[in-house]
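Report on the following structure.
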Amino acid sequence: MVLTVKHVAKAYGKGGQASAAEPVLRDVSMDVRAGESVALTGESGSGKSTLLHLIGGLDRPDAGEIWLDGARLDTCDDAQRAAIRQSDIGIVFQQFNLVPSLTVHDNIRLQARLAQREDSAQIEALVSTLGLQSQLKKYPEALSGGQQQRVAIARALAVRPKIVLADEPTGNLDEATSDTVLSELLALVAETQCALLMVTHSQVLAQRLSQHMHLSQGQLAPYEAQAPNT
Ligand code: ADP
Ligand code: MG
């Protein structure tokens, strides 16, 4: 199992009184295997980004456990969590978050280099799968949204993470581009056997992943389409 989440709970303090806050996550458990892709849907404000932050080691749960490839993340100190985040977790954001002063090639290489995982043959393969060969010397501002998101995906995968966390990665792309970028991302996940946890608003995109989980009232359950009233 690449990722195991066990009975995780999280509340944000209201006016400094954590005890008075309604929990965002009440009891969330999930398992994700290598090569598996999981879609996460839920109403706006249901806690999807909160769950990704906890799994990404950016914040700690109030209760429960988070395990990444056999290492318990929630009890690590900040330095250990930062190290795990750098080498084992790839993050893809809705807003791309590329470094504007670096070329496409340097954007892709930066995090792999920081994690001491840079492998030029692997980067070449990523660039080729994502169709970025002719973009490498350009700066992010010269790219379309779809191309910028492909750069962000290459950057995340260049680190050879155990899991990629993607928070609405196609939220800023048109439908046709979303479809193609998701196909490329799923192909790369299958090929590299990392795991993918992806938040999306789109039920159509969610159905293309191997699991579809829905977050509601602080709990996570397999998504079930509403049965028609009969
Ligand atoms: P989603 O991504 O599903 O839209 P979020 O995880 O962003 O939901 O937010 C869930 C709830 O937690 C919302 O009510 C939001 O206002 C609240 N929330 C999120 N982050 C914080 C924070 N850092 N401090 C206080 N409240 C927060
Ligand atoms: Mg969100």
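The values are calculated or read from the model by the stated rules, or taken from the named source; none is laboratory data. From a predicted model like this one, the values you see are computed outputs, not experimental measurements. Note that each Cβ is placed from the backbone with ideal geometry, even for glycine, and that neighbours are counted across all protein chains shown. Just so you know, the surface numbers come from the protein's heavy atoms only, side chains and all, with ligands and any DNA or RNA stripped out. Shrake-Rupley method; radii C 1.70, N 1.55, O 1.52, S 1.80 Å.
Of note:
- The chain: angle of helix 104-114 to the longest principal axis, Cα-based, in degrees nearest 10: 60 degrees
- Extension gain, Glu22 back to Ser210 (0.36 nm per residue minus Cα-Cα distance, nm): 64.5 nm
- Using only alpha-carbon positions in the range 96-156, the gyration tensor eigenvalues give semi-axes of 17, 13, 9 Å once each is multiplied by 5 and square-rooted (largest first).
- Stokes-Einstein D for the range 1-107, Kirkwood Rh over Cα pairs, 20 °C, 1.002 mPa s (µm²/s): 139 µm²/s
- Volume per residue of the convex hull around the Cα atoms, evaluated for the range 146-216, comes out as 86 Å³.
- For Asp179, the accessible surface of its heavy atoms amounts to roughly 70 Å² (probe 1.4 Å, protein chains only, rounded to the nearest 10).
- FRET efficiency for the pair Gln193 and Thr4, taken as 1/(1 + (r/R0)^6) with r the Cβ-Cβ distance and R0 = 22 Å, rounds to 0.80.
- Placing dummy labels 7 Å off each Cα toward the beta-carbon, the span from Ser183 to Ala121 is 2.8 nm.
- Each principal axis of the Cα cloud of the chain was evaluated for its coordinate range; sorted largest first, these ranges are 52, 52, 35 Å.
- Only aspartates and glutamates eight or more places from Lys137 in sequence, or on another chain, were considered; those with a Cα closer than 20 Å are Asp106, Glu118, Asp119, Glu124.
- Acute angle (nearest 10 degrees) that the helix 120-129 long axis makes with the longest principal axis of the chain, alpha-carbon atoms: 80 degrees
- Between Ala82 and Leu102, the contour length at 0.36 nm per residue exceeds the Cα-Cα span by 4.9 nm.
- The modelled label-to-label distance between Asp62 and Asn172, using points 7 Å beyond Cα along the C-beta direction, is 3.3 nm.
- Computed from the C-beta positions of Ser134 and His201, the FRET efficiency with R₀ = 30 Å rounds to 0.45.
- The range 92-230, relative contact order in percent, only Cα pairs under 8 angstrom and at least six apart counted: 26 percent
- For the range 76-89, 3J(HN,Hα) computed residue by residue from phi via the Karplus equation (6.51, -1.76, 1.60; θ = phi - 60°) reads 5, 7, 4, 5, 5, 5, 5, 5, 5, 4, 5, 9, 10, 10 Hz, glycine and proline entered as x.
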